[in-house]
Amino acid sequence: MRNKLIAGNWKMQGSLAGNPVLLNSVAAGAATLPTVTLAVMVPFTYLVQTQSRLAGSACAWGAQDVSEEAAGAFTGEISVAMLQEMGCRYVIVGHSERRARHGETDAQVAAKAHAAVEGALTPIICLGETLAQREAGETLAVVHRQLDAVLQRVGVHRMAQTVLAYEPVWAIGTGKSATAEQVQEVHAALRSRVSNADWVVGAGLQILYGGSVKPSNALELMRLPDVDGALVGGASLVADDFLDIGRAAATA
Ligand code: 13P
């Protein structure tokens, strides 16, 4: 039986003055949802504040990217060890916004996932196709290619210490979620790819869906057999919406 994880990706949003209200509400809500894990992925500059607000609460936290390097002359980068110092449990790697804007390759994303696992952080590894790729019938080929890079680098046994997030690029921030059928098809394909390498790891792997998840579509998505939670962008900035999605996960 896989537990559900509802992770908020704040992206480049928030403020020192405004965050406490949201963090306190999410912490209070997490206490009422013992069967679901809630987590917030905040900008690096808010990790100190997030740690001090959420320490001891039922809500976990993490960052939105990490370096694949351990330490050294890597200007502007943040290491796994630094995130550990901030009490992070999770880190997002390979978000499509970073793949597109920063040219992150499958190999680099896999290296980041590997570094996170080595440092006992749980990477939330994002995969997903563009609209052009979907329309060309390439969806499964694309997500398999992205997954295979991680499988090769991390090794199937240590995939048990990772989380996958299927985020079709065309569904992110558009208000238009993938349909239940589209989501289930890709999640089942990802799980069976991992199961083919190791059945136990595949069966236990948490696979999140991301892309315009909101209270109105959360229950349908969370009820899908291979969906183990959500990676939530916009709706994670509104405490009531984020917690409603958490409640949908608890109900499903
Ligand atoms: P939205 O929920 O705003 O579509 O963002 C999804 C996402 O990219 C989460 O990582």
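The values are calculated or read from the model by the stated rules, or taken from the named source; none is laboratory data. Predicted model, so just to flag it, every value in this text is computed and none were measured. With ideal geometry, Cβ positions are generated from the backbone for all residues, glycine too; neighbour counts draw on all protein chains shown.
A few notes on this one:
- Some residue of the stretch 160-170 being within 16 Å of the ligand (Cβ to nearest atom), under 18 Å from G94 (Cβ atoms) and surrounded by fewer than 21 Cβ atoms within 10 Å (Cβ to Cβ): yes
- Count - residues of the stretch 1-59 that are of a type in the set (A, V, I, L, M, F, W, C) and without any contact (Cβ under 8 Å) to a residue 60 or more places away in the chain: 17
- Residue-level check: of (1) over 25 Å from G62 (Cα atoms); (2) within 19 Å of the chain's Cα centre (by Cα); (3) modelled with pLDDT of 95 or more, A141 misses just (2).
- Considering the stretch 101-112, the residues that are part of a helix (DSSP H, G or I) and in contact with a helix residue (DSSP H, G or I) (Cβ under 8 Å, 6 or more places away or on another chain) include one that is nearest to the ligand (Cβ to nearest atom), namely V109.
- Note on the stretch 75-100: residues that are more than 15 Å from I124 (Cα to Cα), among the aliphatic types (A, V, I, L, M), assigned to a helix (DSSP H, G or I) and more than 16 Å from the ligand (Cβ to nearest atom) total 2.
- For the stretch 194-252, a residue qualifies if it is within 13 Å of R2 (Cα to Cα) and polar (S, T, N, Q), and exactly one does: Q206.
- Selection of the stretch 9-57 for residues being outside any helix (DSSP H, G or I), in contact with a helix residue (DSSP H, G or I) (Cβ under 7 Å, 6 or more places away or on another chain) and within 16 Å of the ligand (Cβ to nearest atom) yields N9, W10, Q13, G14, L38, V40, V42.
Quick grid of which residues meet (1) within 17 Å of I125 (Cα to Cα); (2) surrounded by fewer than 16 Cβ atoms within 10 Å (Cβ to Cβ); (3) among the small types (G, A, S):
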residue: N9; (1), (2), (3): yes, no, no
residue: G14; (1), (2), (3): no, no, yes
residue: L23; (1), (2), (3): no, no, no
residue: T32; (1), (2), (3): no, yes, no
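- When A197, A218, A180 are checked against the criterion of being at pLDDT 95 or above and surrounded by 22 or more Cβ atoms within 10 Å (Cβ to Cβ), A218 stands alone in meeting it.
- Check on V66, in a loop (DSSP other than H, G, I, E, B), within 16 Å of the ligand (Cβ to nearest atom) and buried (at least 23 other Cβ atoms within 10 Å of the Cβ): yes
- Some residue of the stretch 237-249 being more than 30 Å from H157 (Cβ to Cβ), of a type in the set (F, W, Y) and either more than 10 Å from the ligand (Cβ to nearest atom) or in a strand (DSSP E or B) (or both): yes
- Index of the failed condition, A188 passing every other in (1) touching a helix residue (DSSP H, G or I) at 6+ places or on another chain (Cβ under 9 Å); (2) aliphatic (A, V, I, L, M); (3) more than 20 Å from T122 (Cβ to Cβ): (1)
- Filtered residue count, the stretch 172-226, keeping only those that are over 24 Å from T37 (Cα atoms), within 14 Å of the ligand (Cβ to nearest atom) and part of a helix (DSSP H, G or I): 0
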